[in-house]
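Read through the structure below, which is laid out as structure tokens, and then see the notes.
The values are calculated or read from the model by the stated rules, or taken from the named source; none is laboratory data. Everything numeric here is computed off the predicted structure, so don't read it as measured data. Cβ placement follows ideal geometry from the backbone for every residue including glycine, while neighbour counts extend to all protein chains displayed.
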Amino acid sequence: MVAPITALAAEEAYTVKRGDTIYGIARSYCIPPTVLAERNGLSRSFHIYAGQRLIIPVGATVRQTPSPAEASARNTPQALPRSIQRAIDKAPVRPGRWQYIVIHHSGVDTGTVKAMDQYHREVRHMENGLAYDFVIGNGSGMGDGEIAVGRRWTQQLDGGHLASEAQNKVAIGICLVGNFDEHRPTSREMDSLRALVEALMVRCKLTPRAVKTHHQINIVPTHCPGAKFPTQSFLDSLQSPGR
């Protein structure tokens, strides 16, 4: 039986420490970062500083997810749909096969896996179609935060998302629908991205250092995933497997 949504039951204070992020604090209290940010009147950049006092809405519950202890015991990230976790677990991943997880944006505000696959086959002439292993929707064309698994992951094919063939052989590609030069990704996209990345780190035995943006790793200059993608705060929020 699914637990009902509950109202705020209690609040407590937290003093920000050096190295803290909104994502990390929210995770420790099992609440969405957007709820924490809104309660404290933070800007969309989610910027915080050491010594800042935050109010924690402890009773906030928006969806049923495992506790951090349960997630750690199962060695899986919180809130990842079971079908996606199964697809990650079932893929025949060879030891050492993947060295990087690379984040992209689609550059347009509407997108579907079918349309991307068609574009990559017909315009970019990619034999294996969709260049990415995973796509995350923004509510326009796909559900907001919806994760789609591509055949490059299920069949463990080389990627098509980087300019270097050598890098495509060792880099998993995740594309978020949206133009993040114009606006930030949705909070649900970011929640899904974090859960997906952490599950892939566990499956492929990678650390947060293996997670890169397209801009950081591509041999040809690119702005992807856009100036408004929260690169540093997202990377800082990632938990190493086993922590």
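Taking each residue of segment 43-55 that is at positive phi and looking for partners that are part of a strand (DSSP E or B) and at pLDDT 80 or above with beta-carbon atoms closer than 9 Å, six or more apart or interchain, yields Gly51/Thr15. Of the residues examined, Asp133 is one that is touching a strand residue (DSSP E or B) at 6+ places or on another chain (Cβ under 9 Å), surrounded by 16 or more Cβ atoms within 10 Å (Cβ to Cβ) and acidic (Asp, Glu). Tallying residues that are surrounded by 23 or more Cβ atoms within 10 Å (Cβ to Cβ) and in a helix (DSSP H, G or I) within segment 136-151 yields 0.
Within segment 176-188, one or more residues are part of a helix (DSSP H, G or I) and basic (Lys, Arg). The set of residues in segment 204-243 being in a loop (DSSP other than H, G, I, E, B), under 12 Å from the mean Cα position of the chain (by Cα) and closer than 22 Å to Asn179 by Cα consists of Phe229, Pro230. In segment 183-203, the count of residues that are assigned by TED's automatic domain parsing to the domain that holds Asp117 and farther than 19 Å from Phe234 by Cα is one or more. Yes or no: segment 153-161 includes at least one residue that is part of a helix (DSSP H, G or I), assigned by TED's automatic domain parsing to the domain that holds Gly139 and either among the polar types (S, T, N, Q) or modelled with pLDDT of 95 or more (or both). Yes, because at least one residue in segment 153-161 is part of a helix (DSSP H, G or I), assigned by TED's automatic domain parsing to the domain that holds Gly139 and either among the polar types (S, T, N, Q) or modelled with pLDDT of 95 or more (or both).
Are there any pairs with C-beta distances below 6 angstrom linking a residue in segment 14-36 that is in contact (Cβ under 8 Å) with a residue 12 or more places away in the chain and closer than 13 Å to Ile48 by Cα to a residue that is surrounded by fewer than 16 Cβ atoms within 10 Å (Cβ to Cβ) and charged (D, E, K, R), with the two at least 6 apart or on different chains, and if so which? Matching pairs, first to second residue: Thr15/Arg53; Thr21/Asp236.
Residues in segment 171-186 that are over 11 Å from the mean Cα position of the chain (by Cα) and among the aliphatic types (A, V, I, L, M) were compared, and the one that is surrounded by the fewest Cβ atoms within 10 Å (Cβ to Cβ) is Ala171.
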